[in-house]
Amino acid sequence: MLVVKHLAIAASLAGFVSAAPRNSPEPCKPGTWEKLAPLPQARQEGNGVAVNGSLIVMIGGVHVDRPPYTTTDVVHIYNVADNSWRKGSKSLFRYNHPNTAAIGNMVYVLGGLKDAPVNSGKTFHSTAADGCFVYDTVRDSWSPLGKMPRGTARGSALTLVYGDTIFLVGGMTNLENGNQDSVTTVSAYSVGQGWLNLPGPAANLPEGRQHHGGAIIDDVIYVVGGRTNSEENRGTVYQLDLHNMNAGWTTGPAMMPTPRGGLSAGAVDERIVTFGGEKSNGVNREVELYDVLSQTWTKLGPMPLPRHGTHGITIGGRIYLPGGGTNSGAVPTDYFDSYCV
């Protein structure tokens, strides 16, 4: 399997455990939460990726809770073994909603959204950025990778790894005070060959999606939830068989119990777990699991601290959720926890 993601407190903290060093990791208890070392800087709408099962690299996002909502170039790296954070070299860009994936020791950022001039009466504006970059986690250094193909620049794409290929599914090109578009574009970048041409039926989703989740499981891309148009939440499950891309995208039979965008997702074995999300008057607390074999959804217990604007990062049987927003809009937090599947 390749996987690639105002204050409200859950009423119950049952199943919560304290963090401990992981030099001798033990299997976690399914259904339990673990509170971890807070991020050095509150952050939402960035992206985090796992590197070789030992590190989490956090890139981009919004780190202030009042206008102007500028994005950050600060990189933070989490060491799973000792539950600690350190700084990496600053990125060569400032993106929110970056499209980020890790292969080996390298972290790839393939476009995102960048700060744009704020129009009268507005407090936040971001538009598509086509610049691509790679971060070497061993050398702690950044290098440019050129640009995305013309017309495909976007942020908030579902970004998934399949061998040496990175898939970017959906996304958006403009974000201004809640007004946001969604695109159907599906792109693929090969580390060895560059940008690939996908078969026509695979190159577009049936409907635009952004702020969605998903995973690649058993050679199939799954897309769950997200938004279309401005803030229309969807509970659809889309699927693409990577061995038969000419057949195009299909729609699964089961709808997500709580359709939502701004959610986080991670996968363990044949299960995709979705966390939180954003609604007009706050954030979602729901945790819902999709079993790709039975094509069924199961509702689980709520998040201890509901959030949107973070990403699910799978390492072993845990899904890590760093930062995010604690209310609708930009309310970044340094809170960090993980869920055992």
Sole exception among (1) over 30 Å from Val169 (Cα atoms); (2) of a type in the set (Lys, Arg); (3) at pLDDT below 95 for Lys5, by number: (1)
Ile59 modelled with pLDDT of 95 or more, touching a strand residue (DSSP E or B) at 6+ places or on another chain (Cβ under 8 Å) and surrounded by fewer than 21 Cβ atoms within 10 Å (Cβ to Cβ): no
Residues of region 96-137 satisfying the condition of being of a type in the set (S, T, N, Q) and surrounded by 24 or more Cβ atoms within 10 Å (Cβ to Cβ): Asn96, Asn99, Thr100, Ser126
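For Gly277, state whether it is crowded, with 24+ Cβ neighbours inside 10 Å and at positive phi.
On the way: crowded, with 24+ Cβ neighbours inside 10 Å: yes; at positive phi: yes.
Spelling it out, Gly277 is indeed crowded, with 24+ Cβ neighbours inside 10 Å and at positive phi.
Considering only residues of region 135-159 that are over 29 Å from Gly225 (Cβ atoms) and β-branched (Val, Ile, Thr), which is nearest to the chain's Cα centre (by Cα)? It would help to see each step written out before you state the result.
Residues of region 135-159 that are over 29 Å from Gly225 (Cβ atoms), as a first pass: 136-147, 150.
Going one step further and asking which of them are β-branched (Val, Ile, Thr), we end up with 137-138.
Details: Thr137: 20, Val138: 23 Å.
Step by step, filter region 135-159, then rank; the result is Thr137.
Quick one: which strands (runs of 3 or more DSSP E) lie wholly within region 223-341 and hold at least 1 residues that are modelled with pLDDT of 95 or more and under 17 Å from the mean Cα position of the chain (by Cα)? Steps first, please.
Working: elements: 237-241, 264-268, 271-275, 287-291, 296-300, 313-315, 318-322, 336-340.
Passing ranges, in order: 237-241, 264-268, 271-275, 287-291, 313-315, 318-322, 336-340.
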Residue list for region 62-76, filter: surrounded by 22 or more Cβ atoms within 10 Å (Cβ to Cβ) and of a type in the set (A, V, I, L, M, F, W, C): Val62
Residue that is surrounded by the most Cβ atoms within 10 Å (Cβ to Cβ), among those in region 184-204 that are under 17 Å from His243 (Cα atoms) and of a type in the set (S, T, N, Q): Ser187
Region 285-329 - residue that is in contact with a strand residue (DSSP E or B) (Cβ under 7 Å, 6 or more places away or on another chain) and polar (S, T, N, Q) and, of those, nearest to Pro257 (Cα to Cα): Thr298
Every pair of residues 6+ apart whose Cβ atoms lie under 9 Å, when the first sits in region 63-84 and is more than 21 Å from Leu36 (Cα to Cα) while the second is assigned to a strand (DSSP E or B) and acidic (Asp, Glu): Pro68/Asp115; Tyr69/Asp115; Thr70/Asp115; Thr71/Asp115
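The values are calculated or read from the model by the stated rules, or taken from the named source; none is laboratory data. The model shown is predicted, which means the values in this text are computed figures rather than measured ones. Here Cβ is always computed from backbone atoms with ideal geometry, including for glycine, and neighbour counts include all displayed protein chains.
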